[in-house]
Amino acid sequence: MPTVFNTSIVIPCYNEEKGISNSEYSNFLDNNPEAFICFVNDGSKDNTLAVLNGLKEKHPTQIDVLSLEKNSGKAEAVRAGINYCNQKFQHQYIGYLDADLATTLEEFIDLRNYLQDEIVFSFGSRIRKIGSTIERENSRFLIGRVVATFISNILDIKVYDTQCGSKLFTKEISEELFEKEFISRWLFDVEIFYRMIHRFGKEKAIKKMLEVPLKLWVEKGDSKVKLTYGFKLWFDLFEIQRKYKKIAKNLPNPNLQ
């Protein structure tokens with residue numbers, strides 16, 4: 001029988017040897033015995049794998065490490081981790097979170113409280129508001145708002161932050177959303193929203209997703225996304241939009257299913 005957990009968390013890791021906080025992960029697992037973490041080593045060139053295996057030795061029943069030989073990018077690392085966990089373990093919920101824990105594990109796992117009734121997908125949102133602490137370089141914040149607004153427009157749904165790396169799903173919908181490879185190594189979050197829209201239809205998909213403003217998000221370290229990707233980003237968005245518009249033309253009306 002597969003091991004049973006309430007929530008599985010996939011953590012993609014690339015050259016995170018110095019960025020992984022052993023104490024934060026250990027404290028969280030000690031206080032949440034129903035949670036499971038799958039680290040995906042995405043072909044790291046430093047000592048990341050040894051660090052992850054050290055954590056696994058401390059928590060052998062709550063941690064597993066999936067190591068990819070070649071660096072495939074965040075999209076494929078997350079997809080590989082979610083498919084691996086869905087095949088190997090039993091859980092109600094599964095999602096992914098960035099290794100630097102800009103969002104805390106505690107706030108991430110609280111996203112499961114929103115997965116009820118029709119909601120099958122809840123995600124964190126870095127909304128700057130009274131009562132929250134969202135620490136991010138102003139330049140990244142401004143660029144992010146431009147990109148996020150553009151993404152919201154091409155998706156044609158009112159979503160503030162598609163790119164926050166804090167997303168949780170029911171197991172059933174995750175099996176559908178992560179079955180096929182993504183077009184973009186970094187903008188796969190956009191494709192997740194497209195896949196939700198194509199699965200349920202826009203109006204129904206909106207009712208099955210919930211954007212949850214985070215109380216705390218603190219930018220840590222340098223982004224793994226190179227500055228040069230800023231030029232390719234727009235090409236990726238164009239390719240994603242073109243592909244999913246083409247798919248939509250060939251799909252039956254989901255509202256009739």
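Applying 0.36 nm per residue to the separation of GLU57 and PHE238 and subtracting their alpha-carbon distance, the gain on full extension is 60.8 nm. The long axis of helix 48-58 is offset from the longest Cα principal axis of the chain by roughly 60 degrees. The slack in the chain from ILE206 to LEU49, taken as 0.36 nm per residue of separation less the alpha-carbon distance, amounts to 52.7 nm. A quarter of the convex hull surface defined by the alpha-carbon atoms of the range 1-103 gives 6.0 nm² as the mean projection.
If I compute solvent accessible area with a 1.4 Å probe over the protein chains, what percent of it on the chain is carbon and sulfur? Roughly 52 percent, rounded to a whole number.
Please give me, ordered by residue number, the GluC sites (Glu not before Pro) of the range 157-197 that lie in loop per DSSP and have at most 16 other Cβ atoms within 10 Å.
Answer in residue order: GLU179, GLU181.
For the chain, the longest principal axis of the alpha carbon atoms and the long axis of helix 188-200 meet at an angle near 60°. Normalising by residue count, the range 1-52 has a Cα convex hull of 85 Å³ per residue. Stretching the chain fully between ILE154 and ASP117 yields a gain of 10.5 nm (0.36 nm per residue, less the alpha carbon separation). Under 17 Å from the 7 Å Cα→Cβ point of ASN6, by amide nitrogen: which residues of the range 101-139? It comes to 105-117, 122, nothing else. Once the convex hull of all Cα atoms in the range 27-181 is built, its volume per residue stands at 155 Å³.
Exceedance of the 21 Å cut-off in Cα-Cα distance is limited, within the set LYS208/LYS246; LYS58/LYS167; LYS18/LYS220; LYS18/LYS45; LYS129/LYS207; LYS207/LYS232, to LYS208/LYS246; LYS58/LYS167; LYS129/LYS207; LYS207/LYS232. As I understand it, the value is the acute angle between the Cα axis of helix 229-250 and the longest principal axis of the Cα atoms of the chain; what does it come to in degrees, rounded to 10? Its long axis makes an angle of about 60 degrees. Note on LYS88: aspartates and glutamates with a C-alpha under 12 Å away, same-chain residues under 8 apart excluded, are ASP64.
The values are calculated or read from the model by the stated rules, or taken from the named source; none is laboratory data. Note that the coordinates shown come from a computational prediction; the quantities given were computed from them, not determined experimentally. Positions of Cβ are generated from backbone atoms using ideal geometry, with glycine treated the same way; all protein chains shown enter the neighbour counts. For accessibility, only protein heavy atoms count, side chains too; no ligands or nucleic acids. Shrake-Rupley method; radii C 1.70, N 1.55, O 1.52, S 1.80 Å.
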